[in-house]
1. Under the condition of being in contact (Cβ under 8 Å) with a residue 12 or more places away in the chain and charged (D, E, K, R), which residue from the range 1-35 is surrounded by the most Cβ atoms within 10 Å (Cβ to Cβ)?
2. So, in the range 43-85, of the ones that are in a strand (DSSP E or B) and acidic (Asp, Glu), which residue ends up surrounded by the fewest Cβ atoms within 10 Å (Cβ to Cβ)?
3. If you go through the range 190-230, how many residues are in a loop (DSSP other than H, G, I, E, B) and in contact with a Lys or Arg (Cβ under 7 Å, 6 or more places away or on another chain)?
4. On the basis of being farther than 18 Å from residue 139 by Cβ and either crowded, with 18+ Cβ neighbours inside 10 Å or among the hydrophobic types (A, V, I, L, M, F, W, C) (or both), does residue 40 make the cut?
5. Kindly evaluate residue 163 against the criterion of being hydrophobic (A, V, I, L, M, F, W, C), surrounded by 12 or more Cβ atoms within 10 Å (Cβ to Cβ) and either modelled with pLDDT under 85 or in a strand (DSSP E or B) (or both).
6. If you check every pair at least six apart or on different chains, which have Cβ atoms under 6 Å apart with a residue in the range 203-230 that is touching a residue at least 12 places away in the same chain (Cβ under 8 Å) first and a residue that is among the aromatic types (Phe, Trp, Tyr) and in a strand (DSSP E or B) second?
7. Could you tell me whether the range 79-93 includes any residue that is small (Gly, Ala, Ser) and at pLDDT below 90?
8. Give all pairs with beta carbons closer than 6 Å in which a residue from the range 82-102 that is not assigned by TED's automatic domain parsing to the domain that holds residue 54 and hydroxyl-bearing (Ser, Thr, Tyr) meets a residue that is part of a strand (DSSP E or B) and surrounded by 22 or more Cβ atoms within 10 Å (Cβ to Cβ); count only pairs at least 6 apart in sequence or on separate chains.
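The values are calculated or read from the model by the stated rules, or taken from the named source; none is laboratory data. Every value quoted in this text rests on a predicted model; they were computed, and no experiment measured them. Glycine also receives a Cβ, built like all others from the backbone with ideal geometry; neighbour counts cover every protein chain displayed.
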Amino acid sequence: MIGSGLVSSGEFLTHARNVFVGEYGVIHYVGVEELRGRTAARYDYEIATVFAGYTLHARGKGAAVGVRGSFWADSTSLDLLRLTAEATGIPADLGVRRALTELDYSRIRIGASDYLLPQAADVRMRQDSGMEQRNRIEFTHCRQYSTESLLSFADPDMELASVPDSSTTGDIDEVFLPSDLIVAVRLETPIHLDRAKVGEEISAALDSDLRQKGRVIAPKGAVISGRMRLVQREKSGYTVGLEFTDLTFEKGHARFFAKLINVDSRYTQSVGAPEPAGRSGIQLDLPMALPGVATFVVPARIAELPKGMLMQWKTMAVGK
């Protein structure tokens, strides 16, 4: 599917499993550091080639390599915050000087539970020539898929007659939002930028009924839930990422799959993640534009994103 460039795998599970499952690695405690605004315990580790299960491919050749790196855990919750994995013992004939993977983790709501999962991955490979290739991965809108089975020995006609009417049982209807609808949303959770943490729950609400051709799809006040995805201190203020994934209201639920188009100008300096200029040959390290993620820059004079801050989104098509 991909004709050229850097391709990688293992970011979602394998790197973490190699470090934390089994007894193949040598791990030692380094000390306490600050990471993403949190106090974190840092550990370094190393896994020998024979146990690492890590293979590099370049110049039409492949070779097993070892791995070394570090991981950081929140000092209070013990949640994994970041994991790095760097290839060791790279054969000279591969022409690869360095291969490094950096993974950031966060709590993510899936169904009715919270899970600690990778949020983003950054993979870099530097060749002997000095050229560096990069693969950036962002994980979002992770879903839970499940099935339910019922074994019954009752008469089929009696069984059908006993099936309850979903309209009277209080079951939640799954709604699919049409694409290209403009959605006005107001922030419900005040966000104090100096102490906001990645992974914290946030919520917003529809500012008006969401309609299509006169039909109300979701009522005013419907709750849009999500999490802090990014809060990064910059010289000019903060780069903020608010991730919204689910729209809920009485007897209804929908995936919030939309593109941010505007944020209240009183609290923002710029909206979205602009593409870097292609002619300069310089790759700027900017957040990727992701569905359901509001990424924008907040000026240094703003200390809080208040309840009621207005945002506008445009819904995107999503498969049923």
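1. It comes out as 11.
2. Pass one, the range 43-85, residues in a strand (DSSP E or B): 43-47, 54-58, 61-74, 80-85.
Filter again for acidic (Asp, Glu), leaving 44, 46, 74.
Values: 44: 14, 46: 16, 74: 18.
Taking the candidates together, the pick is 44.
3. Here is the first cut: in the range 190-230, the ones in a loop (DSSP other than H, G, I, E, B) are 190, 193-200, 207-209, 213-214, 219-222.
Filter once more, keeping what is in contact with a Lys or Arg (Cβ under 7 Å, 6 or more places away or on another chain): 190, 197-200, 207-209.
Total meeting the criteria: 8.
4. Numbers: farther than 18 Å from residue 139 by Cβ: yes; either crowded, with 18+ Cβ neighbours inside 10 Å or among the hydrophobic types (A, V, I, L, M, F, W, C) (or both): yes.
When the stated conditions are applied, residue 40 passes them.
5. On the way: hydrophobic (A, V, I, L, M, F, W, C): yes; surrounded by 12 or more Cβ atoms within 10 Å (Cβ to Cβ): no; either modelled with pLDDT under 85 or in a strand (DSSP E or B) (or both): yes.
Answer is no for this residue.
6. From the range 203-230, the pairs are 218/249; 219/249; 222/249; 224/244; 226/244.
7. Of the residues in the range 79-93, the ones small (Gly, Ala, Ser) are 85, 87, 89, 92.
Pick out the ones that are also at pLDDT below 90 and you get none.
The answer is no; no qualifying residue exists.
8. Between residues of the range 82-102 that are not assigned by TED's automatic domain parsing to the domain that holds residue 54 and hydroxyl-bearing (Ser, Thr, Tyr) and residues that are part of a strand (DSSP E or B) and surrounded by 22 or more Cβ atoms within 10 Å (Cβ to Cβ), there is no close pair.
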